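In what follows, a single structure is set out as C-alpha cells and then discussed.
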Amino acid sequence: MVTLAEVARHAGVSASTVSYVLSGKRPISAATRLQVEQSIRELGYHPNAGARALASSRSNIIALMVPLRTDMYVPVMMEIAIAVATTARTHGYDVLLLTGEEGPEAVRRVTGSGLADAMILMDVELDDERLPLLRGTDQPSVLIGLPADTSGLTCVDLDFRATGALCVEHLAMLGHRDIAVIGEAPAVYERHTGFAERTLVGIRSRARELGLRVLHRPCEGGYEAMAAILTRILDERPGTSGFVVQNEQAVEPLLALLRRQGRAVPEDVSVVAICPEQVAVQASVRLTSVSIPAQEMGRQAVERLVAKIDGHATDEVLLIAPELTVRTSTGSAP
C-alpha cells in the first residue's frame, strides 16, 4: 500500500507539502500541486480515511436516513438513495445508509458521534420528530420531503400538492365528475407522511374549485385489498369514472379488477397514476401518469447539502414542478 512518504519522495517534495495539497489548508504553487497530483495518480495513492478525518475534522461521509417500511414502495426509495450515493461520490463523499425506524435516536447518534459530516433525511412526516434535533444542531442537513413547518430547514421534493391538482385537472378536462383516489396504505396517513398528505390536499382543493366529487380510500395494495376497496367505491359512488392511484402496488390489481368487471380502460373508466415512469409504461394498460423524479430529487439534495457543508448556501425549499404524461389509460368520460 502506497504511503504519503512515498508520494513525497516520488514528487521530490516534503511529506507536509503532500499533506497540504490533499487538505488544502495552505496555499501551494500550481506547479508543485500538479507535480504532487501526478505522483498520486501514478502511484495509485489513496489517503487513509481515518487519518484524513482526524487531520481535517471531517469524515467525508454523508448519512442518509431512509427507514425501509413495509408500507412504502421500496424501489422508489432505493432509486433516490442511489442518486444520492452517485452524486455524493462526485463531490468526494461516501454515503452511510441508515435504514432503521429509529427516528430522533438516529439523528442523535450521527450528530453526537461524528459518524458523518452531514445528513439527508427521507420519509419526512408533517410533524417529524427528528426536526427539533436538526434545528438544534450546527450539522448541515437536507430533507427529501416537506414537513408542515419548513423554517430553518432545507427541503427538496416533488410538488405533490401541484401533482394532485394536475391529475384532477386532467380528468376534469375529459369530462369526469366523480373521481376516486386509491391512496397509500392506511399507516402512511396515520403517520401523516408529507407526500401523501400534500397530494390529497391538492386533489381535494382543485376538485372543489372545479365542482368534482372525490372519494379517497387508502389501500394496503394487493388483489384482495384492492377488490374490497373497489367494491366499496362503486357501491358508494356507482358513477365513478376517474381514478387517481398513488399506490404502486395497487396499480395492476385495479386494472385486473376493472377488466374482470367488464369496465374498459379508457372507454368506461380513466386511470391516472402518480408513480415511477417504469411502473406506468410497464402496466397492462400504459398509464397516464405524473412520474416521481427520484434521481433529480436525490441529486438536488446532495448539491444543496455539499453547498451547506462548504458554507455557501442558506436554508431553502425546492419544489420540483410535476409533469403529466398522457398515455392510453385516460379518455373522455362515458
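The values are calculated or read from the model by the stated rules, or taken from the named source; none is laboratory data. As the structure is a computational prediction, the values presented were derived from the model and not from experiment. As a convention, Cβ positions derive from the backbone with ideal geometry for all residues, glycine included, and neighbour counts pool all protein chains shown. Note: accessible area is taken over every heavy atom of the protein model, side chains too, but ligands, DNA and RNA are not part of it. Shrake-Rupley method; radii C 1.70, N 1.55, O 1.52, S 1.80 Å.
Taking amide hydrogens as placed 1.01 Å from N in the peptide plane, the amide H of residue 216 sits under 5 Å from those of 181, each at least 5 positions away in sequence or on another chain.
Phi angles of the stretch 148-159 translate, via the Karplus equation with coefficients 6.51, -1.76, 1.60 and θ = phi - 60°, into HN-Hα couplings of 5, 10, 9, 4, x, 10, 10, 10, 10, 6, 5, 6 Hz per residue; Gly and Pro are given as x. For residue 177, the amide hydrogen comes within under 5 Å of the amide hydrogens of 241, counting only partners 5 or more places away or on other chains and with H modelled in the peptide plane. Based on C-alpha pairs under 8 angstrom that are at least 6 apart in sequence, the chain has a relative contact order of 18 percent. Summarising the label geometry, the points placed 7 Å from Cα in the beta-carbon direction at residue 16 and residue 314 lie 4.1 nm from one another. Taking 7 Å steps out from each Cα toward its Cβ at residue 9 and residue 177 produces label points 8.8 nm apart. Across the stretch 152-252, the volume of the C-alpha convex hull divided among the residues equals 108 Å³ per residue.
For the stretch 56-201, the solvent-accessible area of protein heavy atoms averages 39 Å² per residue (probe radius 1.4 Å; ligands and nucleic acids excluded). Each peptide in 238-248, 123-133, 221-231 gets a packing score, the mean of other Cβ atoms within 10 Å over its residues, and the list from highest to lowest is 238-248, 123-133, 221-231. Round to a whole number: what % of the accessible area of the stretch 212-270 belongs to carbon and sulfur, probe 1.4 Å? Ligands and nucleic acids excluded, carbon and sulfur reach 47 percent. The stretch 91-136 and the stretch 208-243 have Cα centres separated by 37 Å.
Kindly express, to the nearest 10 degrees and within the range 0 to 90, the angle between helix 30-43's C-alpha long axis and the longest C-alpha principal axis of the chain. In the chain, helix 30-43 runs at an angle near 70 degrees to the longest axis. Per residue, the average separation of C-alpha pairs within less than 8 Å and at least 6 apart gives the stretch 145-222 a relative contact order of 42 percent. A Förster radius of 30 Å, combined with the Cβ-Cβ distance separating residue 151 from residue 190, puts the computed FRET efficiency at roughly 0.75.
With the cut-off at under 19 Å, measuring from each backbone N in the stretch 248-272 to a point 7 Å along the Cα-to-Cβ line of residue 328 picks out 251-272. Relative to its Kirkwood radius, the Cα radius of gyration of the chain gives an Rg/Rh of 1.12.
Amide H contacts for residue 272 (H built 1.01 Å from N in the peptide plane; partners 5 or more residues away or on another chain; cut-off under 5 Å): 243, 244, 245. Axis of helix 160-173 versus longest Cα principal axis of the chain: the two differ by about 30°, to the nearest ten degrees.
Full extension of the chain segment joining residue 232 with residue 281 gains 14.9 nm, where the gain is 0.36 nm per residue of separation less the Cα-Cα distance.
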